[in-house]
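The values are calculated or read from the model by the stated rules, or taken from the named source; none is laboratory data. Computed from a prediction, not measured in an experiment: that's the story for all the values here. Cβ: placed from backbone, ideal geometry, glycine included. Neighbour counts: every protein chain shown.
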Amino acid sequence: MDVFRIATAGSVDDGKSTLIGRLLYETNSITTDKLEAIERASQRKGIGFLDLSLLTDGLVAEREQGITIDVAHIYFNTPKRKFIIADSPGHVEYTRNMITGASRAQTSVILVDARKGIIEQTHRHYFIANLLRIPYVIVCVNKMDLVNYSEEVFTKIKNDFLKLSASLPNTQQQIVVIPVSSLHGDNLTTRSQNMPWYTGEPLLTLLESLPVPAARGSFRMPVQLAIRPRNESHHDFRGYAGRVSSGKINVGDAVTVLPSGRSSKVTGIHKNGQEQSTATDRESVTITIADNIDISRGDMLVRTGEEPTLKTEHKAFICWMDSHLLDTVKSYLIQHGTQRIKAKVTQVNFVQDTASLQQLAPSEGLKMNEIAQVNLKTAKPLPVDVYHDNPANGTFILIDEFTNNTVAVGFFE
Amino acid sequence: MKKDYLKEFPREMEDEAIYIIREAAAQFERPAILFSGGKDSITLVRLAQKAFYPGKVPFPLVHIDTGHNFPETITFRDKLVAETGLELIVGLVQDDIDAKRVAEETGKFASRNILQTTTLLRTIESLKLDACLGGARRDEEKARAKERVFSVRDDFGQWDAKNQRPELFDYLNGRIRPGENVRVFPISNWTELDVWNYIREEKLEIPSIYYSHEREVIERNGVLWPYSDFIFKDADEVVQTKTVRFRTVGDMSCTAALASTANTVEQIIEEVIGTSVSERGSRLDDQRSEAAMEARKAVGYF
């Protein structure tokens, strides 16, 4: 069974929680006791309807303020797939949470209020979906019931959105715009009777039928650890454990270890105590090779002839995620794959305004939630791919050595 | 049965869990598996065996024993330890009660659930554990749904929900200061059904109380309480024998029984698919308030 990951972003007013609640409700994914608990809580808050946001806003502070602060993970199944929704807040001060939620998504669901059309928040959500190269973007034009299910209103918003998407660089995304009413369930799990003019699929049908995108790029496997049992039955076994981040490798293929550059041949692919002839992306395996070469955590196995370039100077987009400003004098730790070494942001080239989509001149440092293009220098060469070519090997995080916080996420240009 | 699709286990979830377990082994010096004897921690043990095969699992099992366990759970635990050859370390809540670090709750609804936290933190400190792998899942409870895979706890074991490290892509940041520790949740993204389907596919053994059996129970407000020395019985309450099983394994004083005739994993799966009550609905410890779980986590609970 496939696993399909969806990112949603929005604030309470968008009807995002209602939309998710509806999907859960109509796929029989909420149990009676949870529904009753929401009913009780809604009554206590003096709300006349079922406040489905109470289902996803899991923290006391969120329920008190009626806002989503952190990413929540929601699970449901249909006969076709297992779905994981990363539900994130929508306001600018939570941009980092939006990126976190979107970081593993295969589809971004963006909500637009039919009465308001494309607003600043839509720009931000789409910019993030675009920056992260999320393969599918589904725009739900919500609250169609409040605009009399007007085709004209919908078409205008759709065109506005397509214009917005054309202004950003990544045009390989597949974009679908759907008119919905999450309150009444129009075009969520079944086609709406109120909008016969819409001939596309309802949201759930679409989510079930979009092909699971394969990880782009050739074989890359960051080594997590070496496995050397040294027991009687496996005296000489020496395997390298890791999760294939992209591509595919077969027994017999030539592999190169980076950064050392030494080559060998795959002699075995072990998984869960069994041997197999191939490993593909997202699989956790243990690989054995023909030669005794020094390999440890931080190294990367790649297919010989398809090596990424080893570089110490990089250009990247980063999103700053810490309350302390970025300091271009100080060094941080960069983690790329399983490698963690020192790095410095040597220059901020421009700050990206996610609302106006303008590139702004940088000021001192970078503030939390700011997205910028920077130059980066690493203490040792890293085997990186450009994010666009190989998303799985094109990302990194920065860690503050002293607070240990994850302070930024980045995408190699 | 119409809902056959709910009986498939998505294999990607196993790859993800094994990746997380290996990260825990690589990033920490003294990790351990928190083992309760329940289905989720049993699943974790199997995943750990697979993650390091043909090598050995590089972690001991740590069991926080409230003294109110079902005897079947303890029997099962000891058998599993004997079969896997893993090291077992037990932290006894009774020791903290005897040392007067904690006081037992009193009254009809008394439970030792809340006392476990003190014993857990003491055990972590005495063993100098820097990471504890647990079988918690995000679908269990809404506060858990917000927790990270690597959840950093301060010197007092406390979870700061509003100040969590962002987790992006597959990156897990386990860097901590001395004294801090990390709770690692490899099956965060599994659902209850994922666990059951995995148990079926892997033919895992589970404690007998998960299967239907005859048991003395007391019915309170529509909930079946297992009758034992650990619960107080009012004079007007009647002990009856019923055919029941348990959906989760907690203490005898805080886990409700379920009227059920399910005798096999297959039948349990059918039952879980057909139920209209969530898993934690049978945990009396969660029913105390809307924020019960978040409040316990904030002070160091699992």
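Hey, any hits in region B:124-132 for a residue that's more than 25 Å from residue A:88 (Cβ to Cβ), crowded, with 22+ Cβ neighbours inside 10 Å and among the small types (Gly, Ala, Ser)? Looking through region B:124-132, at least one residue is more than 25 Å from residue A:88 (Cβ to Cβ), crowded, with 22+ Cβ neighbours inside 10 Å and among the small types (Gly, Ala, Ser).
Residue B:69 fulfils the conditions (1) within 14 Å of another protein chain (Cβ to nearest Cβ); (2) not in a helix (DSSP H, G or I) except for a single criterion, (1). The set of residues in region B:49-66 that are in a loop (DSSP other than H, G, I, E, B) and under 16 Å from the mean Cα position of the chain (by Cα) contains only B:66. Note on region A:309-330: residues that are of a type outside the set (A, V, I, L, M), surrounded by 15 or more Cβ atoms within 10 Å (Cβ to Cβ), within 14 Å of chain B (Cβ to nearest Cβ) and closer than 17 Å to residue A:363 by Cβ total 4.
In summary, strands (runs of 3 or more DSSP E) completely within region A:157-260 and bearing 1 or more residues that are hydrophobic (A, V, I, L, M, F, W, C) and either within 14 Å of another protein chain (Cβ to nearest Cβ) or in contact with a helix residue (DSSP H, G or I) (Cβ under 8 Å, 6 or more places away or on another chain) (or both) occur at A:174-179, A:220-227, A:239-243.
The criterion of being crowded, with 24+ Cβ neighbours inside 10 Å and part of a loop (DSSP other than H, G, I, E, B) holds for residue B:166.
Residues being more than 30 Å from residue A:274 (Cβ to Cβ), in the same structural domain as residue B:110 (by TED's automatic domain parsing), crowded, with 20+ Cβ neighbours inside 10 Å and among the polar types (S, T, N, Q) are represented in region B:178-193 by at least one member.
Screening region B:148-163 for residues that are surrounded by fewer than 20 Cβ atoms within 10 Å (Cβ to Cβ) and assigned to a loop (DSSP other than H, G, I, E, B) and picking the one that is farthest from the other protein chains (Cβ to nearest Cβ) gives B:156. Going by the conditions given, is residue B:244 more than 24 Å from residue A:35 (Cα to Cα) and either among the hydrophobic types (A, V, I, L, M, F, W, C) or touching a Leu at 6+ places or on another chain (Cβ under 7 Å) (or both)? The answer is yes for residue B:244.
Based on what the data block shows, is residue A:110 crowded, with 23+ Cβ neighbours inside 10 Å and either in a loop (DSSP other than H, G, I, E, B) or out of contact with any strand residue (DSSP E or B) (no Cβ under 8 Å at 6 or more places or on another chain) (or both)? Answer is no for this residue. Checked against the criterion of being touching a strand residue (DSSP E or B) at 6+ places or on another chain (Cβ under 9 Å) and closer than 30 Å to residue A:403 by Cα, region A:280-287 has no qualifying residue. Would it be correct to say that residue B:37 is modelled with pLDDT under 95 and surrounded by 22 or more Cβ atoms within 10 Å (Cβ to Cβ)? Yes, satisfied.
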